Every structure is written in C-alpha cells, then in structure tokens.
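Beneath this line is the structure, given in structure tokens, with notes to follow.
Throughout, read-outs are computed from the coordinates displayed, never taken from laboratory work. Quick caveat, the model's predicted, so the values are computed rather than measured. Here the Cβ positions follow ideal geometry from the backbone for every residue, glycine too, while neighbour counts run over all protein chains shown.
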Amino acid sequence: MKTILRRALAIGAAIVGVGALSAWTATTAQPAGPIKIGVVDMQKMGGENGGLLEASEIQARLTREIAGLNARLEEVATQFTNKQKELQNFPERERTSPAYMKIWSEAVELEVQTRARKQALEKIFEQQKAMVTAEMYVKMQEGISEFARQEGFDLVLIDDRSTPVTAERGPEALAMMIQSKRIMFASPRLDITDQVVLFMNNRYRAGVRPPANGGGGPPPPPAPAATGATGSVTGPTIAPPSTGTRGPTGR
C-alpha cells in the first residue's frame, strides 16, 4: 500500500513539475520571431559613386578647403622663389652690398614663413579631415540606427570584408588587422547598404538634419616653447652673404 502511495506521489510530483516547467517556458520572454541581422559597408556609404549625398558634399567642401590651404602656401612660396632669383641675379661684386643684404634678409624670412606655414597648414588639414570623418561617422551611425529601428532589425554590423589584410607592414600590424576583423562571412542577402543609403539620401533631400553630436572641436594649440635669452630658431638654408662667396642658390 505504502509503495503504491509513494509511486502515486512521485507521479503527481512529476506532473506538477512538468506543468511548472511549461508555465515558466510560456511566461519567459521569447523572441517574437527570428533575429533580423544586417551588414553595411561604410566605405561604400561614403564613396563618391552610389554613396551618401551628404558625404559627397562634405568631401567637396573639404577639397575646396584643401585648395584654399594650398593657395595660401603657394603665395608665400612664390615670394620666396622670387627672392631667390633676385639673389642669384646679383653681380658677384655686389654680394656684400646693403641692397643684397636686404634681399637676403627678406628671403630668409620668407623661407622660415614657408616652412612654418606648410607645417601649420598640414596640421590644420589633418584636424579638419579628422573632424569631418568623426562628423560623418556619427551621422551614419544615427541613420543606420533609425533605419534599423523602422525596419525591425535586431543587429547591424559593419561589413569589413572588403578591407584588405596584407603583410606589408610586418607581422604585428598583420595580427592587429586580423584581430580587428568583424565579419568572416555574410550572405549577400544580409547586405543592407543600398537600402540604408537610399533611406538617408531621401531624408537628406527632404531636409531632415539630425544633429551631429560627435567629433568635438580641435585641440588647443600647444604653448610656444620658451627659448630664454639665448634661445634661437633653426637656421635657414640660405647662406649668409660673405666676401668671396658666390651667393645662395636656394634651399
């Protein structure tokens, strides 16, 4: 009798356990459907052909700014070249005269200005390029996120399969490139790049401008180094005038 009772209790407990498990499974959050994943090619999105309209306009703006920077550099470089020609055309017997010394001094100043302006403009260009890249990345991220929300995507990844992995920079750089790879394989049907580009371009044409909240401004310029009473700058490559010399021929 007791054996039969124990068996009945065991069966009853098993039934209760199964019922509890079924109830837990039913109440536990389960995906409403299959997970929806997409990949986007950021390089294609920022490309000139078939890419984002805003990226193309930003690239055109940056190109114009580069042209302006080059013009500023060319201006002082041309002045320096002209001074060099004046020095070369001076008769040898007059290369210790006050007139020659005046032109030589002006050439030295222009050479220093050319070097300084070149370094400054290169730094300005690099900073502008970095800020533009950061700005466009934030806008791409916002556009991709909004598209994903509207279309019900659970996950969107950057498709970096087109980024080459080469051994030209050595084994350490190669290892870093391999480790930074995000996707080894993705079916073509997961690629939503064209859809995202169309979505973002339509918004851009419609005047929708989500605020860019990334990138930040440029860092403050470094404080000038103190040189002290005996400090000096790097000397120019123009030789100073002296008796018996043939004069400078440029840098």
- Item | Under 20 Å from the A116 label point (7 Å along Cα→beta-carbon), backbone N, the range 44-71 | 69-71
- Taking alpha-carbon centroids only, the range 134-177 lies from the range 40-115 a number of Å equal to 36 Å
- Task: Filter the GluC sites (Glu not before Pro) in the range 33-129 to those in DSSP coil with at most 11 other Cβ atoms within 10 Å of their Cβ, and list the result.
- Result: E48
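Order these by the 10 Å Cβ neighbour count, fewest first: I103, I183. Let's see the in-between values first.
Values: I103 19, I183 12.
Ordered from fewest to most neighbouring Cβ atoms within 10 Å, I103, I183 come out as I183, I103.
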- Item | Cross-link pairs beyond the 25 Å C-alpha cut-off, checked among K83/K118; K123/K181; K36/K139; K44/K129; K83/K129 | K123/K181; K83/K129
